[in-house]
Amino acid sequence: DLLVVGSANADLVVGVERRPGAGETVLGGDLAVHPGGKGANQAVAAARLGARTALLARVGDDGHGRLLRDSLRSAGVDTAAVLTGGAPTGVALITVDPSGDNSIVVSPGANARLTAGDVRAEVLGAARVVSAQLEIPLETVAAVVRALPEGTRFVLNPSPPRPLPDDVLAACDPLVVNEHEARVLLGDEETGDDPAGRARRLLALGPRSVVVTLGAKGALVCDASGVRAVPSVAVAAVDTTGAGDAFTAALAWRLGAGEELPVAAAYAARVGAAAVTRRGAQESYPTAAEVAALDA
Ligand code: ADP
C-alpha cells in the first residue's frame with residue numbers, strides 16, 4: 001500500500017485579459033475551482049492507476065475541504081487520515097492571461113498546520129512506500145522519516161525546493177527532482193552541468209537513489225550502480241500541469257510492487273506522458289488501461 005503525506009489545496013482559477021498590477025483591479029472570466037496540492041494530486045494519480053492509496057493531510061472545516069475529500073474519495077483514495085481543522089483549507093489563487101502566463105498566490109492554510117504530532121505510527125504502519133513533498137512543514141516530513149517502520153521505502157519530491165537535513169536526504173530512495181529542483185538543491189547558479197553529472201552530484205548529497213525528470217526528454221535514474229536514461233514517450237503535450245506529481249505517484253506505487261528503479265521509472269514516464277495529453281492536474285491522470293494503450 002502507498003501512503004502519500006502532503007498538501008491538499010483548492011486551486012481557484014480566473015482567466016483575465018491582463019494580470020493586474022499593484023493597486024489595480026481587472027475583471028476576469030468565471031471562477032473555476034479544481035482540487036489540487038501536490039499531496040492530493042499524487043494520491044489521486046496513484047489511486048486512479050489502481051494503487052491502494054491513503055493520504056495523510058490536513059484541510060479546513062470548510063467547503064474547499066469537503067471538495068477535496070470528495071475528489072479523493074471518488075478517485076478511491078483512503079481519506080481516514082485526512083485531518084480537519086486548525087485553519088482554512090489551503091488555496092492557490094491563480095490568474096491566467098490569454099498567453100497562458102499566470103500569477104499565483106498560495107495560502108498554505110491547513111497544510112501548514114499538519115504537524116509532527118499528526119504523524120502517527122498506525123498511519124505509517126500499513127504502508128510499503130511513503131511518498132512526500134514539501135508543501136507541508138519540513139519538520140513534519142522529518143517526523144515521517146523518523147517514524148518510518150523498518151523496510152518501508154521513502155520517496156521524496158522536494159517541491160517547492162529548499163535545503164534538506166541530512167537525515168531526510170539519507171532516507172530518500174529515491175529523491176525525485178525536476179531540473180529546477182535539482183539546481184536549487186545543488187545550489188547551482190546556472191545549467192553549467194549535464195543532467196547526468198547533476199544526478200551524480202545529487203546522489204553525493206546522501207540519498208540512496210535519485211531520479212531527475214527531464215520533461216519531454218524523459219528522466220534519469222541514478223544509484224550506486226550508475227546513471228541510466230529512462231526513455232521518454234512521444235505524445236502531443238497539451239498541459240504539463242501536475243505531470244511531475246503523476247510521475248512520482250506512479251514511481252512510488254511500482255516500487256512498492258517490487259519493481260526495480262529503472263523499470264518503475266519507465267512506467268512512471270508513461271504515466272507522466274499520458275498526463276500531459278489532457279488539461280488540468282487531477283483531471284488529466286490516466287488509468288492503468290490508458291497507460292497501457294499509449295504507443296511505444
Ligand atoms: P514537473 O512537472 O515536476 O516539472 P517534468 O516536466 O520533468 O516534471 O515531467 C515529469 C515527467 O512527465 C517527465 O519525466 C516525463 O516522463 C513526463 N513528461 C512531462 N512532459 C512531457 C512531454 N511533453 N512529453 C512526454 N512526457 C512528458
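The values are calculated or read from the model by the stated rules, or taken from the named source; none is laboratory data. Predicted model only: the values in this text are computed from it and were never measured. Cβ coordinates were reconstructed from backbone atoms using ideal geometry, including for glycine residues, and neighbour counts include every protein chain displayed.
This table checks each residue for (1) over 23 Å from ASP70 (Cα atoms); (2) of a type outside the set (Gly, Ala, Ser).
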residue: GLY90; (1), (2): no, no
residue: SER107; (1), (2): no, no
residue: GLY125; (1), (2): yes, no
residue: ARG183; (1), (2): yes, yes
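When you look at GLU139, is it assigned to a loop (DSSP other than H, G, I, E, B), of a type in the set (D, E, K, R) and more than 16 Å from the chain's Cα centre (by Cα), yes or no? Can you show your working first?
Values: assigned to a loop (DSSP other than H, G, I, E, B): no; of a type in the set (D, E, K, R): yes; more than 16 Å from the chain's Cα centre (by Cα): yes.
Considered against the rule, which asks whether it is assigned to a loop (DSSP other than H, G, I, E, B), of a type in the set (D, E, K, R) and more than 16 Å from the chain's Cα centre (by Cα), GLU139 comes out as no.
Residues checked against (1) of a type in the set (Val, Ile, Thr); (2) within 17 Å of GLY244 (Cα to Cα); (3) over 17 Å from the mean Cα position of the chain (by Cα):
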{"residue": "LEU3", "(1), (2), (3)": "no, no, no"}
{"residue": "ALA10", "(1), (2), (3)": "no, no, no"}
{"residue": "VAL14", "(1), (2), (3)": "yes, no, yes"}
{"residue": "ALA22", "(1), (2), (3)": "no, no, yes"}
{"residue": "GLY29", "(1), (2), (3)": "no, no, yes"}
{"residue": "GLY36", "(1), (2), (3)": "no, yes, no"}
{"residue": "GLY39", "(1), (2), (3)": "no, yes, no"}
{"residue": "GLN42", "(1), (2), (3)": "no, yes, no"}
* List the helices (runs of 4 or more DSSP H) that sit entirely inside region 152-270 and contain at least 3 residues that are over 17 Å from ALA51 (Cβ atoms). => 166-171, 179-186, 195-203
* To do: Could you check, for region 189-205, whether at least one of its residues is under 23 Å from GLY151 (Cβ atoms) and away from the ligand (no atom under 11 Å from the Cβ)?
  => yes
* Structure fact -> Of (1) near the ligand (Cβ under 9 Å from one of its atoms); (2) in contact (Cβ under 8 Å) with a residue 60 or more places away in the chain; (3) surrounded by 23 or more Cβ atoms within 10 Å (Cβ to Cβ); (4) farther than 22 Å from THR152 by Cβ, ALA219 satisfies every one except (2)
* Asked: Restricting attention to region 70-82, which residues are farther than 14 Å from ALA47 by Cα and crowded, with 19+ Cβ neighbours inside 10 Å?
  -> ALA81, VAL82
* Asked: Does ALA249 count as on the phi < 0 side of the Ramachandran plot, within 12 Å of the ligand (Cβ to nearest atom) and modelled with pLDDT under 95?
  -> no
* To do: Kindly provide the set of residues from region 169-185 that are away from the ligand (no atom under 16 Å from the Cβ) and either touching an Asp or Glu at 6+ places or on another chain (Cβ under 8 Å) or acidic (Asp, Glu) (or both), ordered by number.
  => ASP173
* Asked: If you go through region 256-271 one residue at a time, do you hit one that is more than 30 Å from ASP167 (Cβ to Cβ) and modelled with pLDDT under 95?
  -> no
* If you go through region 157-167 one residue at a time, do you hit one that is buried (at least 16 other Cβ atoms within 10 Å of the Cβ), of a type in the set (D, E, K, R) and closer than 26 Å to VAL227 by Cβ? -> no
* Across region 227-246, which residue is farthest from the ligand (Cβ to nearest atom) among those that are surrounded by 16 or more Cβ atoms within 10 Å (Cβ to Cβ) and within 17 Å of ASP101 (Cα to Cα)? -> ASP239
* Asked: Does LEU138 qualify as being of a type in the set (A, V, I, L, M, F, W, C) and buried (at least 19 other Cβ atoms within 10 Å of the Cβ)?
  -> no
